[in-house]
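Readers should treat all values here as calculations from the given coordinates under stated rules, not as data from a laboratory. Model, not experiment: these values are computed from the prediction. Please note: Cβ atoms are built from the backbone with ideal geometry, for glycine as well, and neighbour counts cover all protein chains shown.
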Amino acid sequence: MTTQYYTASSLDGFIATLDDSLDWLFPLGDINETGYPSFIKEVGALAMGSATYEWMLRHVINAEGREPVSWPYAQPAWVFSSRRLPNVEGADVRFVRGDVRPVHADMQKAAHGKNIWLVGGGELVGQFYDAGLLDELIVQVGSVTLRSGKRLLPRRITSPSFILESARVIGPGFAELRYRVPRG
């Protein structure tokens, strides 16, 4: 079981614009040509922050001009938020707040030996890192710069540094970087 941060980032280290837009991302390639289809098969539980969850509600579940669709994940999802948010009918979404450690323990039980996906955002992933619970980063680096926005991982992490495990080209728009998070 591995706790993974799988995400996309601009070349200059942003996962979204300041207003949580991902419009920069989608023209760069097809998700089915990335490692995502095989990645998601190994995921047993997910965690995300409230901004990521609200983006999902606006752009996936209730996308403008379309009929609402069902929640895209069969796995249980924990949403960290200090606010009350709407639930998605039929989805196993659990709203939590506070320390990530006890929630991570619950996620491990629910994942039944599969991986835990930290969907985002970067600050939530940083809390898992701070608690020593992050094992791996898988970043699809897009061939654009945003100049400002929501940081990939808003922490100063220099020693020990992440260990690059692999790098591969994904079409003309992405490079996939896999990093292991060292212990100690």
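Are there GluC sites (Glu not before Pro) in segment 63-137 that DSSP marks as loop and that have at most 11 other Cβ atoms within 10 Å, and which are they?
Glu64, Glu89
Could you work out how far apart the two model spin labels at Arg180 and Lys114 are, taking each label as a point 7 Å from the Cα in the direction of the beta carbon, and quote it in nm?
Between Arg180 and Lys114, the simple spin-label model gives 2.5 nm.
Could you compute the net charge surrounding Val79? Neighbours are other residues with a C-beta less than 12 Å from the C-beta of Val79; K and R count +1, D and E count -1. Write down the numbers at each step before the final one.
Working: positive: Arg83, Arg84, Arg94, Arg97; negative: Glu54, Asp92.
Combined, the nearby Lys, Arg, Asp and Glu give +2.
If I model a spin label at Thr2 and Glu64 as a point 7 Å from the Cα along the Cα→Cβ vector, what separation in nanometres do I get?
In this crude spin-label approximation the distance works out to 3.8 nm.
Find the centroid of the Cα atoms in segment 91-125 and in segment 136-177, then give the distance between the two in whole Å.
Computed from Cα coordinates, the inter-centre distance equals 22 Å.
If contacts are Cα pairs under 8 angstrom and at least 6 residues apart, what is the relative contact order of the chain in percent? Before the final figure, lay out the partial values.
On the way: 338 pairs, mean separation 65.2, N = 184.
Computed value for the chain: 35 percent relative contact order.
Sorted by mean Cβ packing within 10 Å, highest first, what order do the peptides 72-78, 161-167 take?
On the way: 72-78: 17.7, 161-167: 11.7.
Result, highest mean Cβ count within 10 Å first: 72-78, 161-167.
At what distance in nm do the modelled label points of Ile31 and Asn87 sit from each other, each positioned 7 Å from its Cα along Cα→Cβ?
2.4 nm
About the Cα centre, and with charges only on the beta carbon of Lys, Arg (+1) and Asp, Glu (-1), how big is the dipole of segment 52-118? Nearest 20 debye, please.
Numbers: 9 positive and 7 negative charges, 49 e Å.
Here segment 52-118 has a charge dipole of around 240 debye.
Under 18 Å from a label point 7 Å along Cα→Cβ of Ala51: give me every residue in segment 135-158 with its amide N that close.
140, 142, 145-156
Which residue, Ile116, Ile61, Ile15, tops the fluctuation ranking in a GNM of the chain built on C-alpha contacts under 10 Å?
Ile61
So what are the ³J(HN,Hα) numbers for segment 130-145, from phi and the Karplus equation (6.51, -1.76, 1.60; θ = phi - 60°), rounded to whole Hz, Gly and Pro as x?
Per-residue couplings from phi come out as 4, 7, x, 10, 8, 9, 8, 10, 10, 10, 8, 8, x, 8, 9, 10 Hz.
Taking H placed 1.01 Å from N in the peptide plane, check which residues at least 5 places from Thr17 or on another chain put their amide H under 5 Å from its amide H.
Lys150
Note down the net charge around Asp12, summing +1 for each Lys or Arg and -1 for each Asp or Glu among other residues with Cβ under 14 Å from its Cβ. Don't skip to the answer; put the middle values down first.
Details: positive: Arg147, Lys150, Arg151; negative: none.
Around Asp12, the charge tally is +3.
Here are some values of Cα extents along the principal axes in Å: [x] 40, 40, 29; [y] 53, 33, 29; [z] 135, 33, 26. Which one was computed from this structure?
Computed from these coordinates, Cα extents along the principal axes in Å corresponds to label [x].
For Ala45, what residues show an amide H to amide H distance below 5 Å, using hydrogens built from the backbone and excluding near sequence neighbours?
Trp117
Under a Cβ-Cβ cut-off of 10 Å, what is the net charge of the residues other than Asp135 that fall near it, where Lys and Arg count +1 and Asp and Glu count -1? All intermediate terms of the calculation are to be shown ahead of the outcome.
Working: positive: Arg180, Arg183; negative: Glu136.
Residues close to Asp135 contribute a combined charge of +1.
Can you list the HN-Hα couplings for segment 42-51, worked out from phi with the Karplus curve (6.51, -1.76, 1.60; θ = phi - 60°), rounded to whole Hz and with x for Gly and Pro?
Ordered by residue, 3J(HN,Hα) equals 9, 8, x, 7, 10, 9, 8, x, 5, 5 Hz.
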